[in-house]
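Reading through the structure tokens given below for one structure.
The values are calculated or read from the model by the stated rules, or taken from the named source; none is laboratory data. Keep in mind that what you see is a predicted model, and the values were worked out from it rather than measured. Cβ atoms come from the backbone with ideal geometry, glycine included; neighbour counts cover every protein chain shown. With ligands, DNA and RNA removed, areas are computed over all heavy atoms of the protein, side chains included. Shrake-Rupley method; radii C 1.70, N 1.55, O 1.52, S 1.80 Å.
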Amino acid sequence: DSGVTQTPKHLITATGQRVTLRCSPRSGDLSVYWYQQSLDQGLQFLIQYYNGEERAKGNILERFSAQQFPDLHSELNLSSLELGDSALYFCASSPGAGGNQPQHFGDGTRLSIL
Amino acid sequence: DAKTTQPNSMESNEEEPVHLPCNHSTISGTDYIHWYRQLPSQGPEYVIHGLTSNVNNRMASLAIAEDRKSSTLILHRATLRDAAVYYCILRDGNNAGNMLTFGGGTRLMVKP
């Protein structure tokens, strides 16, 4: 158990819809990261938050947004969903924001777009 | 971040040591070598990391070449539970962000 909790585990929805994925980091971790894993693109970094502020951004689509709340949990919002958004979405956390800290991953949310 | 090269797949017998290689010829002086693994149906799991010296922890050992252009993750006694995709990733220790750039990794198969 990594200590990172993601909900829901599975989500099935239709094209054009909007969903919210939730992540609770390990106790004491201030950084939260979101990654997307699809069959054709592999594991890709989306965005990092540190103590409520955006710290780094990857190839995150404009239809996607995230935030980190004062209690440090984070939400990833995906809107105008397309078939290609079907993927596993992982959240990870680390104590700080710096470039050498191990990240601890949750078990992911599997998003299926019908 | 500098690029790493790993074999697509490797096979091992249970209870034997496994040496997973990684080449990183363009590594810079501030790049740390990180290893993660992903078991089936799970999120990635941190294994080990190092800068210049060899490192040991409860999961594995990391052997780093003297010129730092390659490294080897060593599982001392493979178990069936070690079957996973292993990712070798370089991280700049000076980078204010901490994103991980995953390549294809090495799929390790463990035979009973």
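For the reader, a short list of remarks on this structure follows.
- Applying the set (1) assigned to a strand (DSSP E or B); (2) open to solvent by less than 30 Å² (accessible area, probe 1.4 Å); (3) within 13 Å of another protein chain (Cβ to nearest Cβ) to A:Asp29 leaves exactly one unmet item: (1).
- Residue match in the range A:23-38 (condition: modelled with pLDDT under 95 and farther than 23 Å from A:Pro95 by Cα): yes
- Across the range A:77-91, the number of residues qualifying as buried (at least 23 other Cβ atoms within 10 Å of the Cβ) and closer than 11 Å to A:Gln36 by Cα comes to 3.
- Test for A:Leu72: is it over 13 Å from A:Arg110 (Cα atoms) and touching a residue at least 40 places away in the same chain (Cβ under 8 Å): yes
- Scanning the range B:44-75 for residues that are within 23 Å of A:Ala92 (Cβ to Cβ) and open to solvent by 10 Å² or more (accessible area, probe 1.4 Å) turns up B:Glu45, B:Tyr46, B:His49, B:Leu51, B:Val55, B:Asn57, B:Arg58, B:Met59.
- Considering residues of the range B:4-21 that are over 13 Å from B:Leu108 (Cβ atoms) and of a type outside the set (D, E, K, R) only, the residue most open to solvent (accessible area, probe 1.4 Å): B:Thr5
- Selected residue (only one of A:Ala92, A:Ala56, A:Ala97 is within 11 Å of the chain's Cα centre (by Cα) and within 14 Å of another protein chain (Cβ to nearest Cβ)): A:Ala92
- Some residue of the range A:33-40 being at positive phi, part of a loop (DSSP other than H, G, I, E, B) and either surrounded by fewer than 15 Cβ atoms within 10 Å (Cβ to Cβ) or out of contact with any Cys (no Cβ under 6 Å at 6 or more places or on another chain) (or both): no
- Of the strands (runs of 3 or more DSSP E) lying entirely inside chain B, those containing at least 1 residues that are free of Cβ contacts under 8 Å to residues at least 40 places away in the same chain and either in contact with a strand residue (DSSP E or B) (Cβ under 8 Å, 6 or more places away or on another chain) or within 9 Å of chain A (Cβ to nearest Cβ) (or both) span B:45-50, B:61-64.
- Criterion violated by A:Phe45 - all others in (1) in a strand (DSSP E or B); (2) away from every other protein chain (no Cβ under 11 Å) satisfied: (2)
- Of the set (1) modelled with pLDDT of 95 or more; (2) within 13 Å of another protein chain (Cβ to nearest Cβ); (3) open to solvent by 10 Å² or more (accessible area, probe 1.4 Å), all apply to A:Gly106 but (3).
- Qualifying residue in the range B:48-56 (condition: under 17 Å from A:Gly42 (Cα atoms) and out of contact with any Cys (no Cβ under 9 Å at 6 or more places or on another chain)): no
- Residue match in the range A:61-68 (condition: farther than 30 Å from B:Leu51 by Cα and facing chain B (nearest Cβ under 9 Å)): no
- Looking across the range A:1-19 at every residue that is at pLDDT 95 or above and open to solvent by 60 Å² or more (accessible area, probe 1.4 Å), the one that is farthest from A:Asp85 (Cα to Cα) is identified as A:Thr5.
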